[in-house]
Structures are given as structure tokens and as C-alpha cells.
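Down below is the structure, laid out as C-alpha cells.
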Amino acid sequence: MKNSLIRLIFALSFITAVGIITSQIFWVTKAYELEDKDFDYKVTSSLKDVALKIWEIKKTQATLYDVVEQINPGYFIVQVNHQISDELLEHFLKEQFMLHNLITDFEYGQYDCAMDSMVSMKYVSMLHGNTEKDGTLVELPIEQRENYYFAVHFPNRKQYVGEQLHVWVYSSLFLLAVIVIMILTVYVIMKQKRLSEIQKDFVNNMTHEFKTPLATIQLSAEVLKKPDIVEKPQRLLNYATLIDKEASLLALQIERVLHMAHAEKGEIILKKEKTNINELVQEVYQGFADKFAQSDIAHSLDLAGGDVVCEIDRLHIKNAVSNLVENAIKYAGEGAVVKIRVTGNDKNVRIAVEDNGPGIPPEFQKMLFDRFFRVPMGNRHDVKGFGIGLNYVKIIAKTHGGDVLCKSTPGSGTTFIIILPRQSGIRNKK
């Protein structure tokens, strides 16, 4: 899939998600406003009906056309110019609220114009068996009027209106799930695209790495097939040695890929044994003596004082250290300086491999241990590899209950540190 198509899909998905969210917010807001107005309408209608019942009992006519006055969003007063019993007023209020499907708690009180005070204040819970209690949650404000009125306050108005939007809440959750799935889909596409590119680079690198020794072996085999080669034993030995060397290199590359495959599947079985880390690192160091000499690389080995013993899988740790040394040689370039250092304390042992190469930019350091990842080298194309070495080192260190760290500053070289526990906190992966 082309990068332009990926970017187009990402842009369209983003625009669609923003459009859906904006549209949903708009319609939810509109729905809330409608429910808010509907609440006011139901309350006003209910209170008018209560006033009519009171006038019917008192056998009087309404003195005002708009008897219901909304003081604030949750507070209403009804001017009836009569006082009635609390029980009767409460009965009428409950009855009308039930008829208009206003199932929410309310507070009420009656204004005594003679005393200029609010009396008979009560709180009624419609949600819990119509229970009531004396007093209100808030002091009902007094509105100066020339006649009697009763006041009703809805303390849970916003909550009630919000609960009427359950359909919109469910639809919003559904749309949110759709958006999350959309984002995950785009993320998976981007991840698969990146993985595809990485795997493509891996296959290209692996093909190149395998092609070189195979070409050498094939060329040497062509020479060995010549009849007169038996008359030249030294030349015969040289070509046979070359074939053996290239075959060993090819086997080593295949072994690395197989180790990586087993490591990814968690199929590594550690063959633990008590090992002197100083001796193991010295073996690795001596194994690179020829490379150090051929490449004219300055090198040093600094071992820990005394015996530093850990219970480890000797082969895997040796391969991990070798990977780090090989990378140091590979990336340091001309005038390379490679330093290997072993330190230890009561808790752990540290194996550090340091070089004076170009260093690693901070933005790439977090990805160093990802499978197939290779730090971009710009115009430099002489550095070969599969991009699996550091991932293998990380897995081996973690499997041993340890870790691997990278310390690098661009232009000042890089140091990799393998940390191994002194105690046997080792996990076998089968």
C-alpha cells in the first residue's frame, strides 16, 4: 500500500471522526435544550392544575392569568391567594407530577403574606416510595407578593433532565465505540505498513548477507572442479579453507535467525550453569582478536576484581556479548576504539561494551531493541545486518531476569550494558 494512500485514509478517518463527534455534541446539546424546555412545560402545567384544584375547593376565581411564575430554572411559585393544609397541597402536587410523568424529588413551602415568611417547608422524595421529611435542602427564597402563594423547588433538575437523554447517551457510546474501532483500524494499518517495510528490509538484508558467502562458495566450487587443481595442493587447500570459512559464516547467520525465531516464540530453554563472567567475557574478547588486528581497532578489556560468578546459560550470554562487540566494531568505523568492561556488586553484574562511533540520536534509542529495527545511517551503506541482534540481546537479558541498557550521545559514541542478577532470579521459557 502506497504512503499517499495511507495518508489519505488517515486524513479521511480523522475528518470523519471529528465530524461525527461535532455532530453528536450538537444534537445532544439540542436534545438537552428540548428536554429542559419540556421539563418547564410539564412543571408549569402541573402547577396550574394544582392551582385550579385549590380554587375549586375554595370556590373562588383566579385573580391572575399567569399564576405560575418561574423564578429560576429549578424554582417556581404559584399565586393562589389561599392557604391550604400541607397534606392536601402535597397530595395535589404528587398527583399532578405523577400524571405528567415528573418522577423527581421536590421541595415545597407556603408563603404567609401576613407574617412575610415561608412556612410548612418539606422535602418529598418521589424516587423512594414518596417519602418526605420536614425542612428543605436549601432555604426557599421569599418573593415579596401581596397574596398567598406556594413555592416548589426541584433540587435534582439537571440530573433529571440528563436522565431523559438515555437514548442519546447510548447512541453516543455506540458512536464512541465506532470511532475507537476506526482509530484502531488506522493504527493497525499503519503498524502493518511499518512492519511490512521492516520485513522487506530484513529480507533484502538477509538476501544480501546470504548471497555473498554463497557466491564465494559457488566460485570456489567451480575452481575445485577443474581437473588440474589436484596438481596444486596449496591452491586446493586455500579454496577448501575459503569454502569452510564462508560455510561457517553462513551457518552462523542461519543460527542467529533461528535463535531470534525461538526467542520471539518464548521457546528458549536456558541451560543454566555457574559461570565466571570474567572468563566468559575474556573468551569473547579473544575471539575478536583477529578482527581487532585486521581492522586496526584500538581495544581494551577491564575485568572485575576477583571471581564474578552468575548462574546463566553460557552459550546465550556469550552470543549476546558477541553481538554487542560486533556492533561496536561495525558502527565505530575508522579509528574505532572498543572498550569492554565487567563490574559487579552484591546484587548484579554489568557487562559494558563501549565504542567511539557516531552515537545514536535520542529519537531512535527507544526503538533500538525492536525486532528488525536498524538505525538509519544516511548515505552510508557499508553497514550490514538483519536488525535482530539487539532484540535478541534484550530477550536473553530479560529471560535471565536482567536487562540491557543503552547510553548514547550523538557524536560521542555508544555504550551498551548487559545487567545480570547475581542471585538465580532466572526464568526458563519453554
request  = Just give me the residues in the stretch 339-354 being in contact (Cβ under 8 Å) with a residue 60 or more places away in the chain and either hydroxyl-bearing (Ser, Thr, Tyr) or within 18 Å of THR409 (Cα to Cα) (or both), in sequence order.
outcome  = ALA352, VAL353, GLU354
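Yes or no, residue by residue, for (1) outside any strand (DSSP E or B); (2) modelled with pLDDT of 90 or more:
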{"site": "PHE92", "(1), (2)": "yes, yes"}
{"site": "GLN96", "(1), (2)": "yes, yes"}
{"site": "ASN101", "(1), (2)": "yes, yes"}
{"site": "THR104", "(1), (2)": "yes, yes"}
{"site": "MET115", "(1), (2)": "yes, no"}
{"site": "MET118", "(1), (2)": "no, no"}
{"site": "MET121", "(1), (2)": "no, no"}
{"site": "GLY129", "(1), (2)": "yes, no"}
request  = With the condition kept exactly as written, say whether any residue in the stretch 187-208 is modelled with pLDDT under 80, surrounded by 12 or more Cβ atoms within 10 Å (Cβ to Cβ), in a helix (DSSP H, G or I) and among the aromatic types (Phe, Trp, Tyr).
outcome  = yes
task = Would you mind stating whether VAL161 is touching an Asp or Glu at 6+ places or on another chain (Cβ under 6 Å), assigned to a helix (DSSP H, G or I) and surrounded by 11 or more Cβ atoms within 10 Å (Cβ to Cβ)?
result = yes
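Residues are listed down the side, and each one gets a yes or a no for (1) charged (D, E, K, R); (2) under 23 Å from VAL161 (Cβ atoms); (3) not assigned by TED's automatic domain parsing to the domain that holds PRO155:
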| site | (1), (2), (3) |
| --- | --- |
| GLN61 | no, no, no |
| VAL67 | no, no, no |
| GLN70 | no, yes, no |
| PHE76 | no, yes, no |
| ILE84 | no, no, no |
| GLU87 | yes, no, no |
| LEU93 | no, yes, no |
query = Any idea which residue in the stretch 45-90 is surrounded by the fewest Cβ atoms within 10 Å (Cβ to Cβ), counting only those that are more than 12 Å from ALA151 (Cα to Cα) and of a type in the set (Ser, Thr, Tyr)?
reply = TYR65
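GLN110 - would you say it is part of a strand (DSSP E or B) and either surrounded by fewer than 16 Cβ atoms within 10 Å (Cβ to Cβ) or not assigned by TED's automatic domain parsing to the domain that holds SER46 (or both)? Before you say what the answer is, go through the steps one by one.
Details: part of a strand (DSSP E or B): yes; either surrounded by fewer than 16 Cβ atoms within 10 Å (Cβ to Cβ) or not assigned by TED's automatic domain parsing to the domain that holds SER46 (or both): no.
Here the answer is no, as GLN110 does not meet what is asked.
Please verify whether SER220 is of a type in the set (S, T, N, Q), surrounded by 15 or more Cβ atoms within 10 Å (Cβ to Cβ) and either under 26 Å from PRO358 (Cα atoms) or at pLDDT 80 or above (or both), treating the condition exactly as stated.
On the way: of a type in the set (S, T, N, Q): yes; surrounded by 15 or more Cβ atoms within 10 Å (Cβ to Cβ): yes; either under 26 Å from PRO358 (Cα atoms) or at pLDDT 80 or above (or both): yes.
Considered against the rule, which asks whether it is of a type in the set (S, T, N, Q), surrounded by 15 or more Cβ atoms within 10 Å (Cβ to Cβ) and either under 26 Å from PRO358 (Cα atoms) or at pLDDT 80 or above (or both), SER220 comes out as yes.
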message = Step by step: first the residues of the stretch 344-374, then only those that are farther than 25 Å from TYR285 by Cβ and in contact with a helix residue (DSSP H, G or I) (Cβ under 9 Å, 6 or more places away or on another chain), then the one that is modelled with the lowest pLDDT. Which residue is that?
response = PHE372
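The values are calculated or read from the model by the stated rules, or taken from the named source; none is laboratory data. Treat the numbers as computed from the prediction; the structure is a model and nothing was measured. Cβ: placed from backbone, ideal geometry, glycine included. Neighbour counts: every protein chain shown.
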